[in-house]
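The values are calculated or read from the model by the stated rules, or taken from the named source; none is laboratory data. Keep in mind that what you see is a predicted model, and the values were worked out from it rather than measured. Reconstructed Cβ throughout: ideal geometry from the backbone, glycine too, with neighbour counts over all protein chains shown.
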Amino acid sequence: MTTKKDYYEILNVDRNASDEEIKKSYRTIAMQCHPDRNPGNKKAEEKFKEAAEAYEVLSDREKREIYDHYGHEGLNSTGFRGFSGFDDIFAHFSNIFEDAFGYSNMHGHSRSSARAGADLRYDLKISFMEAAFGHTTTIDVEKLATCRKCHGTGAAPGSSPETCRTCKGRGQVIQSSGFFTISSTCPHCNGHGKVISKPCDNCHGRGKEQISKTVQLKIPAGVETGSRLRLRGEGEAGERGGPDGDLYVFIHVEEHEFFSRSGDDIICRIPISFVKATLGATIEVPTLQGKEKLKIPKGTQNGQIFKLKGKGIPHLRGYGRGDQILEIFVQIPTVISKKQEELLVEFEKLNNTAS
């Protein structure tokens with residue numbers, strides 16, 4: 001299997017590069033390696049593809065964050081597979097140059113009027129135990145959805161959007177100028193390519209309406225604060241046939257009164273008397289699955305660590321669980337009886353004699 005190159009290396013930028021630096025570097029590489037300027041040059045074509053894919057990731061805040069933390073594997077887990085062919089690449093190439101200069105490329109590939117819907121964020125607070133064992137719940141999401149009355153056309157029932165006469169449905173008015181063509185948004189249809197003479201009275205021509213939707217969410221065991229769950233297609237509605245956006249649920253785990261967490265290990269402090277610490281004992285300790293017996297050897301010291309294998313948090317990606325780490329806390333009595341005091345004094349004398 002071929003190992004993918006680092007996206008930052010492809011664009012010749014460092015990992016702290018700003019959005020503008022990334023865009024500028026991509027623009028330079030794309031201009032140099034564009035197939036129209038390098039006919040038959042497979043190496044330039046491949047470099048052009050690599051740069052387009054790298055820019056697609058690093059120019060997107062969410063994708064860049066995933067890539068920085070988890071690399072190519074992290075992107076693959078979200079469904080990202082790079083570019084599938086020249087249609088994607090030419091569209092992407094056109095987009096950045098139109099954004100920067102108002103140009104489109106000589107092949108006349110215009111920006112599609114279809115646009116994906118906006119992604120949404122939802123912050124969800126769950127308990128420590130829900131994070132440890134997994135949890136199924138429902139959440140209510142406010143979002144823009146396809147208008148139920150006009151089915152997203154924006155036009156009143158019985159009518160339909162009409163092709164713009166000014167741009168002939170292209171959404172742009174274009175003038176040729178050498179290698180590039182100068183294009184600008186059609187002033188009549190605002191780039192949509194169609195005009196609505198009779199708007200829908202429910203969405204007022206937008207094609208979308210505000211709704212509240214109840215979404216079922218399955219939280220896997222092992223999530224922690226900062227974990228992010230992606231629900232495909234549960235974001236806002238796309239425009240003009242574009243796909244719906246996604247819903248990202250950010251997890252916030254509440255603290256537990258007894259357990260704390262370090263990765264997939266759980267940590268707790270176990271109080272014992274100084275007598276049990278000295279003489280040894282078998283005690284019961286709480287775990288996520290119930291009580292377990294723990295053997296305390298003679299002479300156990302305050303702060304000593306014991307471990308219960310496989311009694312921690314389930315691994316989120318893979319099999320098995322973390323461990324439970326137990327820190328011994330030796331309790332010293334603050335109030336003792338006269339008899340106890342006499343016995344302790346006698347114990348101290350015997351201890352000094354023995355030493």
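Summary of values
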| item | result |
| --- | --- |
| Residues of region 229-266 satisfying the condition of being charged (D, E, K, R), in a strand (DSSP E or B) and over 23 Å from E284 (Cα atoms) | R230, E239 |
| Hits in region 214-228 (condition: under 17 Å from I66 (Cβ atoms) and either modelled with pLDDT of 95 or more or assigned to a loop (DSSP other than H, G, I, E, B) (or both)) | V223, E224, G226, S227 |
| Restricting region 131-147 to residues that are assigned to a helix (DSSP H, G or I) and under 20 Å from the mean Cα position of the chain (by Cα), the residue that is farthest from L247 (Cα to Cα) | A132 |
| Among the candidates G152, G191, residue that is surrounded by 20 or more Cβ atoms within 10 Å (Cβ to Cβ), of a type outside the set (S, T, N, Q) and in contact (Cβ under 8 Å) with a residue 40 or more places away in the chain | G152 |
| Whichever residue in region 294-318 is of a type outside the set (A, V, I, L, M, F, W, C), modelled with pLDDT of 95 or more and part of a strand (DSSP E or B) and, among such residues, is farthest from I267 (Cα to Cα) | K295 |
| Filter result (in contact with a Phe, Trp or Tyr (Cβ under 6 Å, 6 or more places away or on another chain) and either in a helix (DSSP H, G or I) or farther than 13 Å from E327 by Cα (or both)) within region 267-289 | none |
| Members of region 331-344 that are surrounded by 10 or more Cβ atoms within 10 Å (Cβ to Cβ) and either more than 15 Å from V275 (Cβ to Cβ) or not assigned by TED's automatic domain parsing to the domain that holds R269 (or both) | E342 |
| Residue match in region 301-310 (condition: under 22 Å from I251 (Cα atoms) and touching a strand residue (DSSP E or B) at 6+ places or on another chain (Cβ under 7 Å)) | no |
| Hits in region 1-49 (condition: among the acidic types (D, E) and either surrounded by fewer than 16 Cβ atoms within 10 Å (Cβ to Cβ) or within 14 Å of Y67 (Cβ to Cβ) (or both)) | D6, E9, D14, D19, E20, E21, D36, E46 |
| Close pairs from region 325-346: first over 30 Å from R261 (Cα atoms), partner at pLDDT 90 or above and exposed (fewer than 13 other Cβ atoms within 10 Å of the Cβ), Cβ under 9 Å, at least 6 apart | none |
